[in-house]
Amino acid sequence: MTEARFVTVLGGGPADRSEATAGILLGSGGTALVLTGDTTAVDPRLDTSEDGPVEVRADDPVARLEAYRSGASDPADAVLAALASGSDSPLATVLGWEYARRAAAAGVWDTVVVELDGDLAGVRKIAAAGELATFVETLWPAHVRFASMAAGDRADTRVREAHRLALLAADVSAFLAGPIEVVVAGRSPRRTAALAALARGAVSPTVTEDGRGGYRVEYPVPAAPTSPPSVEGDGLRLELDGFRAVVPLPALLSRCVLVDSGFDAAAGAVVADFVPDPDLWPPNLVPAGFADRAG
């Protein structure tokens, strides 16, 4: 079974997105599923009749939230209820991505297209999985969840639900960071595309030795972050234009400590300096003096 080609169209208005979607589908042929927030804005060139190759489905976050809560250990849990409030909540958005991910994997359609409203609004929806993962990790860190889950059915109900949310966010994050296509239909396509790449964690860093036993890592960004980067799990957390993105760190740097960062406007990159963590490196590989620099 072959997964469908997966394309996200964002930016502009409904007419801009429907025109871009038509351009994608008319050029590729085959069958397609289009998930959109406005089913009235469908390009007339597409055959969406009952026997046609293109199926258009409305985005229904409320129904997805209700379905998710019905399968929860405690549907009335206060935290879950708060996460499930509002059709634009990170959970609602992540459930939408999960629906699209499963549609792409089903082998029913040749192409799956997800249309997102607006430029920055669309980028923030791409970043929703990271937002949900951060929320869960802040309240229930991974080591707490796994320790509790060892108790099986006797595990705390809320922790079991947190673990379920963490797995959902991880699956969606991995999917979005993979080989999906992003098409920007609105204005500022280069900037929006660059922000979308950050939001889905699909940015490759450049890592060089700093000549002092440490490492310098550079990530391309379209603008200066609004707050200093920080390490979050195995990634580097960046905040730009009102959304948070966690971009993957090379495995080498997971055993290092972030000691400094800045923005290189000329290169259009975030620059972060790392030094070996003495607690994670053999003593003979840690240069003298680094115990004071790390920490």
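Only one entry of VAL7, VAL42 meets the criterion of being crowded, with 21+ Cβ neighbours inside 10 Å and either at pLDDT 95 or above or within 25 Å of ALA199 (Cα to Cα) (or both), and that entry is VAL7. The residue that is modelled with the highest pLDDT, counting only those in the range 265-295 that are of a type in the set (A, V, I, L, M), buried (at least 17 other Cβ atoms within 10 Å of the Cβ) and over 16 Å from PRO205 (Cα atoms), is VAL275.
Condition check for ALA150 on (1) out of contact with any helix residue (DSSP H, G or I) (no Cβ under 9 Å at 6 or more places or on another chain); (2) under 30 Å from VAL9 (Cα atoms): one failure, at (2). In this structure, does VAL56 turn out to be closer than 27 Å to GLY178 by Cβ and surrounded by 15 or more Cβ atoms within 10 Å (Cβ to Cβ)? Yes: the conditions hold for VAL56. For the range 34-80, the candidate set comprises residues that are outside any loop (DSSP other than H, G, I, E, B) and of a type in the set (Lys, Arg); within that set, the residue that is farthest from LEU139 (Cα to Cα) is ARG57.
Look at the range 74-87: where a residue is among the hydroxyl-bearing types (Ser, Thr, Tyr) and a partner is assigned to a helix (DSSP H, G or I), sitting 6+ places away or on another chain with Cβ atoms under 6 Å, you get SER87/PRO61; SER87/VAL62.
Of all residues in the range 181-205, none satisfies the criterion of being at pLDDT 95 or above and of a type in the set (Ser, Thr, Tyr). Only one of the numbered conditions (1) in a loop (DSSP other than H, G, I, E, B); (2) touching a strand residue (DSSP E or B) at 6+ places or on another chain (Cβ under 6 Å); (3) modelled with pLDDT under 90; (4) not acidic (Asp, Glu) is violated by VAL246, and that is (1).
The values are calculated or read from the model by the stated rules, or taken from the named source; none is laboratory data. Owing to the predicted nature of the structure, the values given are computational and were not obtained by experimental measurement. Neighbour counts run over all protein chains shown; Cβ positions are idealised from the backbone, glycine included.
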